[in-house]
Amino acid sequence: MCICVNCRHMNQCQTYIFIEKQHKNINLKYKYINFMPIHTLIQINIQKKMNYTSIDWDLIECLSFVEKPGLWSCPIY
């Protein structure tokens, strides 16, 4: 699971926005995308079943991470 969901910087983070775009989550609106985290590590999981391939992007390490549990449940505006 992406650690961004509990990070204080999630609403302004360029890496989080990138991951959301990879998930094709284009319904979210962001006002201020001005935070560039340092030393991030993104894990990409590729699963292939018959004729279907799914890709999951997760940020698993970030030195800029500052915990704020439940931030993901707040609207992003």
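The values are calculated or read from the model by the stated rules, or taken from the named source; none is laboratory data. Since this is a predicted model, take the numbers as computed values, not measurements. Note: ideal-geometry Cβ built from the backbone for every residue, glycine included; neighbour counts use all protein chains shown.
Of the residues making up region 56-70, those that are closer than 13 Å to His23 by Cα and out of contact with any His (no Cβ under 9 Å at 6 or more places or on another chain) are Asp58, Leu59. Take the residues in region 51-72 that are modelled with pLDDT of 90 or more and hydrophobic (A, V, I, L, M, F, W, C), then tell me which one is surrounded by the most Cβ atoms within 10 Å (Cβ to Cβ). Going through the qualifying residues, I end up with Leu59. Within region 1-12, being within 10 Å of Met36 (Cα to Cα) and in contact (Cβ under 8 Å) with a residue 24 or more places away in the chain holds for one residue alone: His9. Taking each residue of region 13-36 that is at pLDDT below 70 and among the basic types (Lys, Arg) and looking for partners that are in a loop (DSSP other than H, G, I, E, B) and exposed (fewer than 13 other Cβ atoms within 10 Å of the Cβ) with beta-carbon atoms closer than 8 Å, six or more apart or interchain, yields Lys29/Tyr77; Lys31/Tyr77.
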